[in-house]
Amino acid sequence: MTSNLKKTRQALDSAEWAIRKAEEAELLAYATKTRTFFEEARLAAEEARLCADEVEEAAFDALDPDEADEIGEVWELHQKCLNAALRARDAAERAQKAASGSPTATLAAEKFADKCLGIQTLEVRHSDELDFHEVSVWALTSALEQAYRAGLIDGRRGL
């Protein structure tokens, strides 16, 4: 029984960690709206879901009805695990929602790259000829100034 309690406590710790990571990924996805942070939020959501399943399973593995009546710690740990599983699923759902739709910052960067720099895509294509571009200083300056102005406008709108 002691090993089940230890396993359950470890699962609870993992769930708490996954909840924090999913919440952090959710905030970053909403704040930055880039493809990278969207992917991180999706991965964190999946990990939180897996941890929720793990902690819930551990909670039921550790619960011996006879001991739960005699040892209050067992019942308390069981309840904490079930609560953590619920919170992990909620965090996973919120992170997944934050990562849905289009990453507007990435779309804006692609638009500026095409319009100002003549770079049709920002996808990595694993080729020096396709991934590295020669850009004039004035074109780069123009692209950065336009991106800065667009950021100011979005900031004023609260986007």
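Condition check: over 30 Å from Glu57 (Cβ atoms) and either surrounded by 13 or more Cβ atoms within 10 Å (Cβ to Cβ) or in contact with a Phe, Trp or Tyr (Cβ under 6 Å, 6 or more places away or on another chain) (or both). Does Val124 satisfy that? Against the criterion (over 30 Å from Glu57 (Cβ atoms) and either surrounded by 13 or more Cβ atoms within 10 Å (Cβ to Cβ) or in contact with a Phe, Trp or Tyr (Cβ under 6 Å, 6 or more places away or on another chain) (or both)), Val124 does not qualify. Among residues of the range 95-120 being in contact with a helix residue (DSSP H, G or I) (Cβ under 7 Å, 6 or more places away or on another chain) and part of a loop (DSSP other than H, G, I, E, B), the one that is surrounded by the fewest Cβ atoms within 10 Å (Cβ to Cβ) is Gln120. Here the range 27-38 is the region considered, the condition is being of a type in the set (Val, Ile, Thr) and part of a helix (DSSP H, G or I), and the residue that is nearest to the chain's Cα centre (by Cα) is Thr36. All of Arg125, Arg89 fail the test of being assigned to a helix (DSSP H, G or I) and not hydrophobic (A, V, I, L, M, F, W, C), apart from Arg89.
When the residues of the range 39-64 are narrowed to those that are part of a helix (DSSP H, G or I) and over 16 Å from Ala91 (Cβ atoms), which ends up modelled with the lowest pLDDT?
To start, the set of residues in the range 39-64 that are part of a helix (DSSP H, G or I) comprises 39-62.
Retained after the next criterion (residues that are over 16 Å from Ala91 (Cβ atoms)): 39, 57-62.
Numbers: Glu39: 88, Glu57: 87, Ala58: 83, Ala59: 81, Phe60: 80, Asp61: 78, Ala62: 71.
By that ranking, first place goes to Ala62.
Tell me yes or no: at least one residue of the range 78-94 is in contact with an Asp or Glu (Cβ under 6 Å, 6 or more places away or on another chain), buried (at least 18 other Cβ atoms within 10 Å of the Cβ), closer than 25 Å to Gly151 by Cα and modelled with pLDDT of 80 or more. No, the range 78-94 contains no residue that is in contact with an Asp or Glu (Cβ under 6 Å, 6 or more places away or on another chain), buried (at least 18 other Cβ atoms within 10 Å of the Cβ), closer than 25 Å to Gly151 by Cα and modelled with pLDDT of 80 or more. Taking the criterion of being under 21 Å from Lys33 (Cβ atoms), at pLDDT 85 or above and β-branched (Val, Ile, Thr), the residues of the range 112-159 that qualify are Ile119, Thr121, Val124. Looking at (1) touching a helix residue (DSSP H, G or I) at 6+ places or on another chain (Cβ under 9 Å); (2) closer than 27 Å to Arg9 by Cβ, which is the one condition that is false for Asn83? If we test Asn83 against (1) touching a helix residue (DSSP H, G or I) at 6+ places or on another chain (Cβ under 9 Å); (2) closer than 27 Å to Arg9 by Cβ, just (1) comes out false.
The values are calculated or read from the model by the stated rules, or taken from the named source; none is laboratory data. The structure presented is a predicted model; accordingly, all values stated were derived computationally and were not measured. When we count neighbours, we look across all protein chains shown, and the Cβ atoms used for this are built from the backbone with ideal geometry, even at glycine.
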